[in-house]
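Data first, discussion second: the structure below is written as structure tokens.
Bear in mind that the values in this text are calculations on the coordinates, not laboratory data. Predicted, not measured: the structure shown is a model, and the values here were computed from it. Because the Cβ atoms are built from the backbone with ideal geometry, glycine has one as well, and the counts that use them run over all protein chains shown.
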Amino acid sequence: MDSTIRQRVQTAADAAAVIDMHTHLYAPAFGASDPRMQGAGTPLLLWGIDELLGYHYFVDEVFRAARLRSPNDALDPRSFWTMSLRDRADLIWRELFVERPPVSEACVGLIDILVSLGLDPDERDLSRYRKWFSERDLEAHIDEVMHLAGVRRIVMTNEPFAQVERAKWLADPRALRDSRFAPVLRIDPIVEQWPEACRTLAGWGYEVQPDLSGQTVSEVRRFIDEWIERTDPVYLACSLSPGFRHDSESEDPAVRSFTSLFDTCLVGAARDHGLALALMIGARRSVHPEMGLAGDSLGPTDNAQLESIAHAHPDVTFLITLLSRENQHELCVTARKFANVVPFGCWWYLNTTSQITEITRMRLELLGTDFVPQHSDARVLEQLIYKWRQSRRIIAACVAERYDASQTAGARIDDRAIDRDMQRLFSANFEAAVNRAFPAN
């Protein structure tokens, strides 16, 4: 490849400010963890070295490492979760960073974070890191992390069925506004855990029935409308299991019920409020329940269900990310057939160097630059740094390959076109999909 084109693309990618369209981060007003204290309330914004090491990628990794090191004295999940966050962090640091070289994607990412923040990554224990984080001013720290990551807007995931978060929205929505953070309304319990969601809604005063009879559908829609008004979301979001089905004429009453609730309430609300609907499909929950969030897994889905949704609702934009590698080519083909389908990101276990590279190449080959290549999915603030540094490098390399192929074929690629494409991939495509502009802070 022409080294000049690669350098030009990387320079443009580094200069492009990112809208991180899907994270699990929160504005400080929602409550933040405190590196100086443990167990103080239920924080929503996680940050600091102990939270970084408590990330679920490290949890499942440390169980494997501990078992292989000492098969007869394997780490017991029940004992692990009785430990304090600080003790779990100490264990993970010792097992994954001190006793062996940190080579996994998550381990390398943490090293990148520490070095980026000016910290020595070769400490034998966590005391210096804890002291450093305990002396940070959170507001200034957020700004520094966003600057290092090149992120100009963090899009949250806001869940009205989560009691801690719900209470904050009900108390004073205006107090939660922060120009650095944008809300998203995620409502998958309505279709993924309907019996439980039904009981919860009934407890909140909505006239709903488990069999969807009576005023159930209109009451669910009322609930969604109220929360759209309360949160002013950038888009609606719903996570679906691999086996979801969308078929209004199915012989299975459960499938018909799902389809009715999905079409009328979720898609209907998106349409009427002018919102995109993001579908995140493929998570299999609690395959190893004792491991908590680290016990979730994945599975392939039937892409025909997505085609059914896109075809039934051509006037609604669907932001789609699929968790299984096996589904990625089909998703690209579906997006070619349905312009209202916008693939986004490399979700969860696909957020690794090899998978980001493979998926981004495939999307560029089939879709040009008309997709959203990445989101961080960050659960801890500082993860923004390594996830976006990694993604910028990979995305730039993949785009440079396509430019090189285009130039070899006879096209001319100038710097203005490169800058435009980088802006498109890192922010403008998302802004177009959700029909909203995000001015610089």
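Can you tell me how much longer the chain between residue 287 and residue 366 gets when fully stretched, taken as 0.36 nm per residue apart minus their C-alpha distance, in nm with one decimal?
Details: separation 79, 0.36 × 79 = 28.44 nm, distance 3.41 nm.
Separation in residues times 0.36 nm, less the Cα-Cα distance, equals 25.0 nm.
Enter the Cα centre distance for the pair the range 13-35 and the range 219-282, rounded to the nearest angstrom.
Between the Cα centre of the range 13-35 and that of the range 219-282, the gap is 26 Å.
When the Cα atoms of the range 1-111 are enclosed in a convex hull and the volume is divided per residue, what value in Å³ results?
Cα convex hull per residue, to the nearest whole number: 161 Å³.
Looking at the square roots a ≥ b ≥ c of the eigenvalues of the Cα gyration tensor of the range 206-255, which shape do they give, rounded for a/c under 1.5, prolate if a/b is larger than b/c, or oblate? If you can, show how the numbers build up before the last one.
Working: a/c = 3.04, a/b = 1.32, b/c = 2.29.
Since a/c reaches 1.5 but b/c is at least a/b, the shape of the range 206-255 is classed as oblate.
Looking at 264, 317, 213, which one has the Cα that reaches farthest to the positive end of the dipole of the range 187-343 (charges on Cβ: Lys, Arg +1; Asp, Glu -1)?
About the Cα centre, the residue reaching furthest to the positive side is 317.
Strictly greater than 21 Å: what percent of every Cα pair in the range 187-343 meets that?
Details: 5834 of 12246 pairs.
Tail of P(r) above 21 Å: 48 percent of Cα pairs.
How would 81, 348, 47 line up from fewest to most surrounding beta-carbon atoms within 10 angstrom?
On the way: 81 12, 348 18, 47 24.
The most exposed by this proxy come first: 81, 348, 47.
Report the one residue of 417, 282, 250 whose Cα lies farthest in the direction of the positive end of the charge dipole of the chain (charges on C-beta: Lys and Arg +1, Asp and Glu -1; origin at the Cα centre).
Farthest along the dipole direction, towards plus: 417.
Treating cross-link reach as a plain straight distance, find the lysines whose alpha-carbon is under 19 Å from the alpha-carbon of residue 131, omitting any fewer than eight places away in the same chain.
Within reach: none.
For the chain, give the magnitude of the charge dipole about the Cα centre (Cβ charges: +1 Lys/Arg, -1 Asp/Glu; no others), in debye to the nearest 20.
Values: 49 positive and 64 negative charges, 140 e Å.
Its charge dipole is roughly 680 debye.
How would 190, 228 line up from fewest to most surrounding beta-carbon atoms within 10 angstrom? Can you show the working numbers first?
Numbers: 190 22, 228 18.
By the 10 Å Cβ count, ascending, the order reads 228, 190.
Is the range 90-132 best put as rounded, prolate or oblate by its Cα gyration tensor, with a ≥ b ≥ c the root eigenvalues, rounded for a/c under 1.5, and otherwise prolate when a/b is larger than b/c, oblate when not? List each step's numbers first, then the result.
On the way: a/c = 2.11, a/b = 1.16, b/c = 1.83.
The shape class here is oblate.
Where Rh is the Kirkwood radius over the Cα pairs of the range 283-357, the temperature 37 °C and the viscosity 0.692 mPa s, what D in µm²/s does Stokes-Einstein return? Could the numbers behind the result be given before it?
Values: Rh = 13.5 Å.
After rounding, the answer is 243 µm²/s.
Sorted by average packing, counted as other Cβ atoms within 10 angstrom per residue and highest first, what order do 251-264, 268-281 take? Mind showing how you got there, number by number?
On the way: 251-264: 15.8, 268-281: 20.3.
In descending order of packing, they fall as 268-281, 251-264.
From the square roots a ≥ b ≥ c of the eigenvalues of the alpha-carbon gyration tensor of the range 360-441, which class results: rounded (a/c under 1.5), prolate (a/b over b/c), or oblate?
Working: a/c = 2.09, a/b = 1.53, b/c = 1.36.
Prolate shape, in that a/c is at least 1.5 and a/b is the bigger ratio.
For 186, 6, what ranking results if the residue with the fewest other Cβ atoms within 10 Å of its Cβ goes first?
Details: 186 22, 6 17.
With the sparsest Cβ surroundings first, the list reads 6, 186.
Given +1 on the Cβ of Lys and Arg, -1 on the Cβ of Asp and Glu, and no further charges, what dipole in debye does the range 252-403 carry about its Cα centre, rounded to the nearest 20? Working shown, then result.
Numbers: 15 positive and 16 negative charges, 96 e Å.
Taking the Cα centre of the range 252-403 as origin, the dipole is about 460 debye.
Could you check which residue among 414, 315, 225 shows the biggest mean-square fluctuation in a GNM of the chain with a 10 Å Cα cutoff?
Comparing 414, 315, 225 in a Gaussian network model of the chain, the most mobile one is 414.
Order these peptides, 128-141, 148-161, 229-242, 88-101, by their mean beta-carbon neighbour count within 10 angstrom, highest first.
Details: 128-141: 14.8, 148-161: 22.2, 229-242: 19.8, 88-101: 17.9.
The packing order, highest mean first, is 148-161, 229-242, 88-101, 128-141.
Quick one: compute the contact order of the chain, relative version, from alpha carbon pairs under 8 angstrom and 6+ residues apart, as a percent.
Values: 697 pairs, mean separation 96.0, N = 441.
It rounds to 22 percent for the chain.
If I require 30 Å or longer along the helix axis, counting alpha carbons, and a Kyte-Doolittle average no lower than -0.5, what helices from the chain are left? Use full DSSP H segments. Can you show the working numbers first?
Values: long enough: 383-409 (39 Å, -0.45).
Sorted by number, the helices that extend far enough and score high enough are 383-409.
How much mean residue ellipticity at 222 nm does the chain get from its helices, if each DSSP H run of length 4 or more adds -39500 (n - 2.57) and you divide by all residues, to the nearest 500 deg cm²/dmol? Intermediate values should be presented prior to the final figure.
Values: 20 runs with 210 residues, N = 441.
After summing the helix terms and dividing by the residues of the chain, the value is -14000 deg cm²/dmol.
Return a whole-number percent for the relative contact order of the range 187-343, with Cα pairs under 8 Å and 6 or more residues apart as the contact set. Show your work: numbers first, answer last.
On the way: 239 pairs, mean separation 29.8, N = 157.
Once divided by the residue count of the range 187-343, the mean separation gives 19 percent.
In Å³ and rounded to a whole number, note down the convex hull volume per residue for the Cα atoms of the range 305-426.
Roughly 122 Å³ of hull volume per residue.
With the crude spin-label approximation of a point 7 Å out along Cα→Cβ, what separation in nm comes out for residue 202 versus residue 436?
3.4
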